[in-house]
Amino acid sequence: MTAVQENPEMVRLFRAYTNPLAPARDSTGDHLTRSSYEDNLGHPLLVATGTHLALFPGNGALPTVNGFRHTTVGFKELAGISHLGPAIASLVGLEHVGRREQWQADARRLLDDITTVRSANTVQLWRDAISAPSFVGREEKITAMVDYACSITARFLERALAEDGYLTAQNLRYDLIQGHPDGRLPVDFGRVMIATFALVGTNNSARLIRWFDGLDVDWSTALVMFVGRQGRPTAGVTKSTNSLARIIQLASRGRLDDDRLFIAPHAPEFAAPEGGDVSQVAALEDPLRWMLARVMASVSLASVMYDGYPRFEPPSNYGPDVDERTSTVTEMPRIKSPDDWPAMITRLRLALEDPRQLLASGVTDYMAEQLIANGNDPATVIIPGLDNVDYPLGDR
């Protein structure tokens, strides 16, 4: 491969402004970055990976680290129920491409797992063993919901295995996901999915809000940075598609400036600290602060150079309201109430169909909104799909 021939005199001018090879970061751009870095060195920096949060208080103080998502109590137990919907839809997809033996084997495995879950699903399990804050006082309803979800899913799978040609997208929608127009399905599976996401979202949001409040973060000066992968590889890379970003904005009670929250998918992540040792997390603070300072310094040039031209304004975190005339959406519509099913079910579709979205983020921000409005008390919020739905006893 032929080496690129560069003119040394002209390259010297190029490197006068930006020169990552220079010692001590000695370029004009680096000097402005240094100014931004030093101005914010004493301000709190909150860094989020895909599974953990680290708060760097500033001026070199050791960070405080907190896990979220997979460490949330009851997350996997409820996710197993909500995943039944896309699991059955995947079987439809396998049937559509002619992989009958594969989907039938998967269906039988799901049936075995459902039988086991129905045996394990008791009020005592949710009350005494899992015992999450948003479950308190709701254990009987959660048990009924899980049993009903397993019952209607098993019934659908058994018919699909027994009746050739039954496993179609329309039958999936009519007999499980959405419900038949004649109302033969007492509760559609969409409400189950909303309820499971809402329960987990309430637990997660309440814990994070309590953690932030306990740390007494100065949100007026804080910097927030999302690093690495957030969910699936294409997801959470904008503020409107990152549910944790919305939770943090809500937890700040409006004190966090939007221009101090950054999505940085290519910035390095830290590993979960072991045994309380945060030294490896602490070692990332300086390079992360420098990366932010470089971005903030370059952004500040726009108003200096182009005053009088249209300025950038961040897009809204939410799309327009959904009504009977809505046929497409580009962002999550705002949920107006716990009974706003058109918005919530539209969010479920958007979370699947839009590669930018985090799959389980359909109602998380709404639950955080309710918590902020109700003193961060999970008992006082309404869990859509659970508190406002009655689940009949499942078939045995």
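The values are calculated or read from the model by the stated rules, or taken from the named source; none is laboratory data. All values derive from a computational prediction rather than experimental measurement. FYI the Cβ positions are ideal-geometry reconstructions off the backbone, even for glycines, and counts take in every protein chain you see. Remember, those area values only see protein heavy atoms, side chains included, never the ligands or the DNA or RNA. Shrake-Rupley method; radii C 1.70, N 1.55, O 1.52, S 1.80 Å.
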**Matching entry among Glu140, Glu163 (being of a type outside the set (A, V, I, L, M) and within 17 Å of Ala379 (Cα to Cα))** = Glu140
**Asked** Could you list, in sequence order, the residues of the range 355-381 that are more than 15 Å from Met193 (Cα to Cα) and surrounded by fewer than 23 Cβ atoms within 10 Å (Cβ to Cβ)?
**Response** Pro355, Arg356, Glu369, Ile372, Ala373, Asn374, Gly375, Asn376, Asp377, Ala379, Thr380
**Prompt:** What number of residues within the range 370-396 satisfy the criterion of being out of contact with any helix residue (DSSP H, G or I) (no Cβ under 6 Å at 6 or more places or on another chain) and part of a helix (DSSP H, G or I)?
**Reply:** 4
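State the number of residues belonging to the range 297-333 that are of a type in the set (A, V, I, L, M), surrounded by 12 or more Cβ atoms within 10 Å (Cβ to Cβ) and closer than 24 Å to Tyr17 by Cβ.
Counting residues in the range 297-333 that are of a type in the set (A, V, I, L, M), surrounded by 12 or more Cβ atoms within 10 Å (Cβ to Cβ) and closer than 24 Å to Tyr17 by Cβ gives 3.
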**Item:** Some residue of the range 163-174 being under 19 Å from Gly190 (Cβ atoms), open to solvent by 40 Å² or more (accessible area, probe 1.4 Å) and in contact with an Asp or Glu (Cβ under 7 Å, 6 or more places away or on another chain)
**Value:** no
**Request:** Of the numbered conditions (1) open to solvent by 30 Å² or more (accessible area, probe 1.4 Å); (2) in contact (Cβ under 8 Å) with a residue 12 or more places away in the chain, Gln230 fails exactly one; give the number of that condition.
**Result:** (1)
**Item:** Close pairs from the range 312-339: first more than 17 Å from Leu350 (Cα to Cα), partner hydroxyl-bearing (Ser, Thr, Tyr), Cβ under 9 Å, at least 6 apart
**Value:** Pro314/Ser240; Pro315/Thr238; Pro315/Ser240; Pro338/Tyr366
**Request:** Quick one: count up the residues across the range 193-207 that are open to solvent by 10 Å² or more (accessible area, probe 1.4 Å), more than 14 Å from the chain's Cα centre (by Cα) and of a type in the set (A, V, I, L, M, F, W, C).
**Result:** 1
**Request:** For the range 282-296, indicate whether the set of residues that are in contact (Cβ under 8 Å) with a residue 12 or more places away in the chain, open to solvent by less than 30 Å² (accessible area, probe 1.4 Å) and of a type in the set (Lys, Arg) is non-empty.
**Result:** yes
**Item:** Sole residue being at pLDDT below 95, β-branched (Val, Ile, Thr) and not in a loop (DSSP other than H, G, I, E, B), chosen from Val192, Val200, Val224
**Value:** Val200
**Test for Thr64: is it under 30 Å from His43 (Cα atoms) and within 19 Å of the chain's Cα centre (by Cα)** = no
**Asked** Among the residues of the range 18-33, is there at least one that is charged (D, E, K, R) and under 34 Å from the mean Cα position of the chain (by Cα)?
**Response** no
**Message:** So for the range 64-77 (the condition being free of Cβ contacts under 8 Å to residues at least 60 places away in the same chain, farther than 30 Å from Arg109 by Cβ and outside any helix (DSSP H, G or I)), does at least one residue qualify?
**Reply:** no
**Message:** Pairs needed: first member in the range 85-102, touching a residue at least 40 places away in the same chain (Cβ under 8 Å); second member anywhere, part of a loop (DSSP other than H, G, I, E, B); C-beta distance under 6 Å; at least 6 residues apart or different chains.
**Reply:** Val92/Leu167; Glu95/Leu167
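Just wondering, is there one or more residues in the range 141-149 that are buried (at least 18 other Cβ atoms within 10 Å of the Cβ), closer than 19 Å to Leu94 by Cα and either of a type in the set (A, V, I, L, M) or under 27 Å from the mean Cα position of the chain (by Cα) (or both)? Before the answer, list the steps.
Kept after step one, since they are buried (at least 18 other Cβ atoms within 10 Å of the Cβ), are these residues of the range 141-149: 141-149.
Then keep just the ones that are closer than 19 Å to Leu94 by Cα; that gives none.
No, the range 141-149 contains no residue that is buried (at least 18 other Cβ atoms within 10 Å of the Cβ), closer than 19 Å to Leu94 by Cα and either of a type in the set (A, V, I, L, M) or under 27 Å from the mean Cα position of the chain (by Cα) (or both).
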**Prompt:** Within the set of pairs 6 or more residues apart or between chains, which connect a residue that is open to solvent by 10 Å² or more (accessible area, probe 1.4 Å) inside the range 211-225 to a residue that is part of a helix (DSSP H, G or I) with Cβ atoms less than 8 Å apart?
**Reply:** Asp213/Ala251; Thr221/Asn40
**Request:** Give the residue that is farthest from Ser205 (Cα to Cα), with candidates limited to residues of the range 26-59 that are open to solvent by 60 Å² or more (accessible area, probe 1.4 Å) and touching a residue at least 40 places away in the same chain (Cβ under 8 Å).
**Result:** Leu32
**Asked** Just a yes or no: is a residue in the range 366-384 polar (S, T, N, Q) and at positive phi?
**Response** yes
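List the helices (runs of 4 or more DSSP H) that sit entirely inside the range 96-175 and contain at least 2 residues that are modelled with pLDDT of 95 or more and closer than 16 Å to Glu77 by Cα.
Passing ranges, in order: 100-120, 139-162.
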